[in-house]
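Participant: This is the structure I want to talk about, given as structure tokens.
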Number of protein chains: 2
Amino acid sequence: MALTNATNNGRAVRLAARSNTLSSPTAGLAPSYLQANLIVLPRQYATDFRLLCARNPVPCPLLAESDRPGSFNELKSYIRHPSSSSPVTVASDIDLRTDAPKYRIYKDGTLAGEAADIVDAWQPENHVGFLIGCSYSFDDALSAAGLTPRYVAQGFNVPMYRTTVPLCPAGVFVGGTVVVSMRPYRSSDITKVRDITRAFVTTHGEPIAWGWEAVSRLGIADVGKPEWGDVPLTADGKRVFGCQDTKEEDDYVPVFWGCGVTPQEAVMRANLTGTVMGHAPGHMIVLDVQDRDVFPEVRG
Amino acid sequence: MALTNATNNGRAVRLAARSNTLSSPTAGLAPSYLQANLIVLPRQYATDFRLLCARNPVPCPLLAESDRPGSFNELKSYIRHPSSSSPVTVASDIDLRTDAPKYRIYKDGTLAGEAADIVDAWQPENHVGFLIGCSYSFDDALSAAGLTPRYVAQGFNVPMYRTTVPLCPAGVFVGGTVVVSMRPYRSSDITKVRDITRAFVTTHGEPIAWGWEAVSRLGIADVGKPEWGDVPLTADGKRVFGCQDTKEEDDYVPVFWGCGVTPQEAVMRANLTGTVMGHAPGHMIVLDVQDRDVFPEVRG
């Protein structure tokens with residue numbers, strides 16, 4: 001199945017991933033459809049992980065989880081339209097074991113490998129899958145407002161950084177810190193950027209920090225050296241953004257959002273026993289829900 | 001109306017505050033009844049404040065708010081028993097203008113004074129009152145487990161500190177940081193202390209950090225000099241806890257929880273125009289809800 005950006009919906013992306021036609025990152029695919037991070041845990045850690053998300057909703061917004069331990073195609077949804085009391089079905093035809101383009105498998109806290117699916121590794125009646133909101137979900141709204149994220153315009157992956165901002169611990173999940181994604185914007189556009197992304201409450205919402213002074217406040221050593229994603233470049237694509245000689249570039253400053261890599265990092269840090277799985281960075285599960293379904297302030 | 005600790009319920013404390021019989025702090029009054037921080041804002045800031053709480057639920061757990069702008073005795077509750085879909089009524093006979101033992105009034109961002117009530121300052125159809133969870137709510141459960149907080153045993157107010165941990169901003173509420181309360185415990189008791197307080201999800205829950213290394217990680221300059229509450233003392237009550245010569249005392253280390261002073265600080269930092277009000281520190285509004293009503297893991 002060929003994917004054409006302009007016509008994709010979430011299901012088309014999932015089916016392409018399921019049939020292994022798609023094995024690349026999902027940023028920009030199926031505009032306006034929510035994209036989700038996946039974390040799969042042995043059932044004994046599910047309660048603590050749910051609490052970790054509840055205590056840290058900006059970096060770890062929990063969208064849905066397995067309806068019961070072992071469920072990979074029946075999900076319990078936590079998102080709803082604010083004017084409705086019943087949850088929105090995140091996807092009607094979904095298989096958490098196949099619908100991300102690429103997976104990572106960890107055994108006893110160590111990366112064991114990448115895989116196109118996790119059908120064999122999924123343990124019936126044990127594994128619980130969690131879907132976490134992803135900031136790709138608001139890139140389309142930014143683009144529609146004339147504020148296309150630079151990494152999208154340049155065809156790269158968004159740069160992501162470890163910070164020293166502590167997560168609120170929850171049970172076994174202790175010692176985690178917030179991971180952020182970064183998009184450069186002009187200082188004069190920050191109010192607009194905040195206003196647009198504020199509506200996306202379960203996909204990280206408005207930025208958590210912005211400006212050059214935020215870099216040290218967040219404990220980021222070097223904006224030019226992200227821990228995940230691609231090195232950010234200046235608007236002309238020629239130099240590394242954030243280096244000493246580019247800091248004055250066109251009044252652009254770094255703007256930081258909570259990032260769905262945060263819970264993965266927290267899980268890795270907890271040294272859980274057993275098999276833990278997740279999507280490969282950037283290779284998200286795309287849902288049936290569109291931003292306007294759950295964020296009424298987003299212009300449809 | 002005389003208050004006897006052993007027999008008080010939440011309503012008795014509210015009525016004593018309403019009649020100005022009670023003008024002292026509420027810690028230890030009406031054990032097992034939830035206590036709440038109060039913040040009263042002009043209506044134009046209500047949406048941003050609600051979002052601030054949603055993005056920072058550990059330091060800013062929103063329990064209830066005015067049913068509509070101007071309401072001081074009809075509240076919309078956000079807490080419920082996990083096995084029920086309908087919210088728990090936080091208090092059936094409540095007046096936000098009179099039921100805290102003492103209030104503070106701020107005008108255009110500056111403290112204008114303290115008052116026994118805010119009946120005259122409350123603006124009809126404008127002011128919105130918010131009730132925020134308070135960690136006094138779990139002190140009784142700690143005491144019941146033989147882990148009486150030291151400040152309770154010594155008859156002081158709990159020490160509270162500004163940290164450098166950033167709050168997730170929300171609209172006008174930018175630049176805030178987390179405020180914490182501190183109770184010293186033996187290192188060997190921390191697992192038990194975490195387990196007991198974890199259940200109190202809307203009254204700050206389990207600690208956000210513990211141990212001497214947490215002090216600098218949170219950006220606290222000196223545990224012996226809290227910004228609010230009383231100076232913490234050693235177990236014998238003779239020296240200041242946390243000073244160089246007392247750090248080895250009986251293996252006690254500082255344990256830090258999110259604190260309901262956080263949203264007050266965030267509001268002050270936002271320099272709002274108009275009249276903002278809150279309870280005076282330590283002088284909470286006590287509710288009808290008991291911990292076992294909303295936290296099923298708490299032994300009743």
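No value in this document is a laboratory result; all are computed from the given coordinates. Only a predicted model underlies this, so the values are computations on that prediction, with no experimental measurement involved. Note that we place each Cβ from the backbone using ideal geometry, even for glycine, and neighbour counts take in every protein chain shown.
Participant: Only one residue in B:Leu41, B:Leu15, B:Leu29 is of a type in the set (A, V, I, L, M, F, W, C) and under 30 Å from A:Arg198 (Cα atoms), so which one is that?
Facilitator: B:Leu41
Participant: B:Leu167: in contact with a helix residue (DSSP H, G or I) (Cβ under 8 Å, 6 or more places away or on another chain) and farther than 18 Å from B:Val253 by Cα, yes or no?
Facilitator: In short, yes.
Participant: How many of the residues in segment A:208-223 are facing chain B (nearest Cβ under 9 Å) and either part of a loop (DSSP other than H, G, I, E, B) or polar (S, T, N, Q) (or both)?
Facilitator: The qualifying residues number 2.
Participant: Please give the number of the condition A:Val240 fails out of (1) within 13 Å of chain B (Cβ to nearest Cβ); (2) free of Cβ contacts under 8 Å to residues at least 24 places away in the same chain; (3) touching a helix residue (DSSP H, G or I) at 6+ places or on another chain (Cβ under 8 Å).
Facilitator: (1)
Participant: Residue by residue through segment A:148-207, note down the ones that are small (Gly, Ala, Ser), within 11 Å of chain B (Cβ to nearest Cβ) and either crowded, with 18+ Cβ neighbours inside 10 Å or not in a loop (DSSP other than H, G, I, E, B) (or both).
Facilitator: The answer is A:Ala170, A:Ala199, A:Gly205.
Participant: OK, next. If the requirement is being closer than 28 Å to B:Asn20 by Cβ and more than 22 Å from the chain's Cα centre (by Cα), which of these qualifies: B:Gly282, B:Gly260, B:Gly274?
Facilitator: The unique qualifying residue is B:Gly274.
Participant: Does A:Ser24 satisfy being closer than 20 Å to A:Cys134 by Cα, hydroxyl-bearing (Ser, Thr, Tyr) and buried (at least 19 other Cβ atoms within 10 Å of the Cβ)?
Facilitator: Spelling it out, it is not the case that A:Ser24 is closer than 20 Å to A:Cys134 by Cα, hydroxyl-bearing (Ser, Thr, Tyr) and buried (at least 19 other Cβ atoms within 10 Å of the Cβ).
Participant: Has segment A:77-92 got at least one residue that is away from chain B (no Cβ under 14 Å), surrounded by fewer than 18 Cβ atoms within 10 Å (Cβ to Cβ), in contact (Cβ under 8 Å) with a residue 12 or more places away in the chain and on the phi > 0 side of the Ramachandran plot?
Facilitator: no
Participant: Restricting to segment B:95-114, name every residue that is within 14 Å of B:Thr275 (Cα to Cα) and of a type outside the set (Ser, Thr, Tyr).
Facilitator: Within segment B:95-114, B:Arg97, B:Arg104, B:Ile105, B:Lys107, B:Asp108, B:Gly109, B:Leu111, B:Ala112, B:Gly113, B:Glu114 meet the criteria.
Participant: Right, here's the next one. Output the number of the condition that A:Tyr136 fails; it satisfies all remaining conditions of (1) within 23 Å of A:Thr203 (Cβ to Cβ); (2) free of Cβ contacts under 8 Å to residues at least 60 places away in the same chain.
Facilitator: For A:Tyr136, the exception is condition (2).
Participant: Another one. Which of the numbered conditions does A:Gly175 fail, given that it passes all the others? Conditions: (1) closer than 30 Å to A:Phe295 by Cα; (2) of a type outside the set (Phe, Trp, Tyr); (3) touching a helix residue (DSSP H, G or I) at 6+ places or on another chain (Cβ under 6 Å).
Facilitator: Of the numbered conditions (1) closer than 30 Å to A:Phe295 by Cα; (2) of a type outside the set (Phe, Trp, Tyr); (3) touching a helix residue (DSSP H, G or I) at 6+ places or on another chain (Cβ under 6 Å), the odd one out for A:Gly175 is (1).
Participant: For residues that are closer than 21 Å to B:Asp236 by Cα and buried (at least 19 other Cβ atoms within 10 Å of the Cβ), tally how many sit in segment B:115-147.
Facilitator: Looking only at that region, the number is 2.
Participant: Follow-up. Based on what the data block shows, is A:Ala121 farther than 15 Å from A:Thr202 by Cβ and in contact (Cβ under 8 Å) with a residue 60 or more places away in the chain?
Facilitator: So A:Ala121 passes the test.
Participant: Still on this structure: Can you work out which of the residues in segment A:55-90 that are hydrophobic (A, V, I, L, M, F, W, C) and assigned to a loop (DSSP other than H, G, I, E, B) is farthest from A:Glu125 (Cα to Cα)?
Facilitator: A:Val58
Participant: Within segment A:93-118, count every residue that is among the polar types (S, T, N, Q) and in contact (Cβ under 8 Å) with a residue 40 or more places away in the chain.
Facilitator: Selection size over segment A:93-118: 1.
Participant: Next question. Considering only residues of segment B:34-64 that are within 15 Å of B:Val289 (Cβ to Cβ) and not aliphatic (A, V, I, L, M), which is nearest to the other protein chains (Cβ to nearest Cβ)?
Facilitator: Checking each candidate, the answer is B:Pro61.
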